[in-house]
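The values are calculated or read from the model by the stated rules, or taken from the named source; none is laboratory data. Just so it is clear, the model here is predicted, and its values are computed rather than measured. Every residue, glycine as well, gets a Cβ built from its backbone with ideal geometry; the counts of neighbours run over all protein chains shown. The protein model used for the area step is the full one, side chains on, heavy atoms only, and it has no ligands, DNA or RNA in it. Shrake-Rupley method; radii C 1.70, N 1.55, O 1.52, S 1.80 Å.
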Amino acid sequence: MVALPTDTVYGIGVDLSVPGGIERLFEAKRRPADRAIVLLLADAGQAATLAEWPLAAAVLAEAFWPGGLTLVLPQRPGVALPMELTAGRATIGLRVPDHPSPRALAAALGPLPVTSANISGLPEARTADEILTQLGDAIDLVLDGGPSRGGPPSTVVDCTGEVPRILRSGAIAPADVAARLRSASLPEPKSAS
C-alpha cells in the first residue's frame with residue numbers, strides 16, 4: 001500500500017491486481033464496507049476499458065480531465081472488478097487527477113484504487129508525517145511530494161442514467177458542469193437530493 005500525492009490531498013492506493021489489496025485499504029482506513037473506492041486513471045482511454053462511456057461522460061471528461069471530476073459510470077459487461085471496490089454496485093467511480101504521480105502509476109500499473117490517506121472520520125493527511133501519524137505501519141511506502149495543495153474534493157457526477165446527476169459538489173462548479181453539457185446539447189444535470 002502506497003501513500004501518494006494527488007491534486008488535492010494525499011491518497012493511499014494499491015495495485016488492483018494484488019490479492020487482498022482493496023481489503024487492506026479498507027482495513028487501514030477503518031472505512032465502512034458500503035463505501036466504494038474510486039479508481040484513478042492515467043487518461044480517459046483507461047476509462048473506456050472499465051466502464052460504458054456515454055456521451056455525457058465523454059463531454060465532461062474532455063472538459064475537466066485531468067482535474068477534480070469523478071464520473072460514476074456503469075461497469076462494462078464482462079469486466080470483473082472486486083466487489084469490495086464497488087461496494088457490490090454495478091457502477092464504478094473514475095477520475096484522472098491533475099497530478100503526475102498518480103497518473104504515472106496508473107499508466108504503469110493500470111487503474112489505481114485510491115482513497116484519501118486518513119482514518120475514516122479524521123482530517124485528510126496533507127503531509128508525509130501526517131500520513132505516518134494516522135496510518136503508521138499500514139503504509140508500505142510514502143511518495144513524499146511535499147505538503148498537498150488541499151482544496152475541495154472532486155465533484156462527483158453520476159452518468160449512469162439519461163440525465164446526469166451531481167452527487168457531490170466540489171472542485172468543479174455545478175454551473176460549469178451544466179454549461180458544458182448544455183453546449184453539447186445534452187440534458188443539464190440534476191442535483192442529488
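Annotation note: Cβ proximity below 6 Å between a residue of segment 79-107 that is more than 28 Å from Ser148 (Cα to Cα) and a residue that is open to solvent by 40 Å² or more (accessible area, probe 1.4 Å) and of a type in the set (Val, Ile, Thr) (sequence gap 6+ or interchain) occurs for Thr91/Thr160. Among the residues making up segment 73-103, those that are among the aliphatic types (A, V, I, L, M) and either surrounded by fewer than 13 Cβ atoms within 10 Å (Cβ to Cβ) or touching a Lys or Arg at 6+ places or on another chain (Cβ under 8 Å) (or both) are Val79, Ala80, Met83, Ala87, Ala90, Val96.
Looking only at segment 138-161, residues that are modelled with pLDDT of 90 or more, over 19 Å from Phe64 (Cβ atoms) and not hydrophobic (A, V, I, L, M, F, W, C) come to 6 in all.
In segment 175-193, the residues that are among the acidic types (Asp, Glu) form Cβ pairs under 8 Å with partners that are open to solvent by 60 Å² or more (accessible area, probe 1.4 Å), at six or more places apart or across chains, as follows: Glu188/Arg182.
Is at least one residue of segment 59-67 open to solvent by 40 Å² or more (accessible area, probe 1.4 Å), at pLDDT 95 or above and within 21 Å of Pro174 (Cα to Cα)? Within segment 59-67 (the criterion being open to solvent by 40 Å² or more (accessible area, probe 1.4 Å), at pLDDT 95 or above and within 21 Å of Pro174 (Cα to Cα)), the answer is yes, since at least one residue qualifies. In this structure, Arg76 qualifies as basic (Lys, Arg) and over 16 Å from the mean Cα position of the chain (by Cα). Can you find a residue in segment 131-147 that is under 27 Å from Leu4 (Cα atoms), open to solvent by less than 40 Å² (accessible area, probe 1.4 Å), hydrophobic (A, V, I, L, M, F, W, C) and under 15 Å from the mean Cα position of the chain (by Cα)? The answer is no; no qualifying residue exists.
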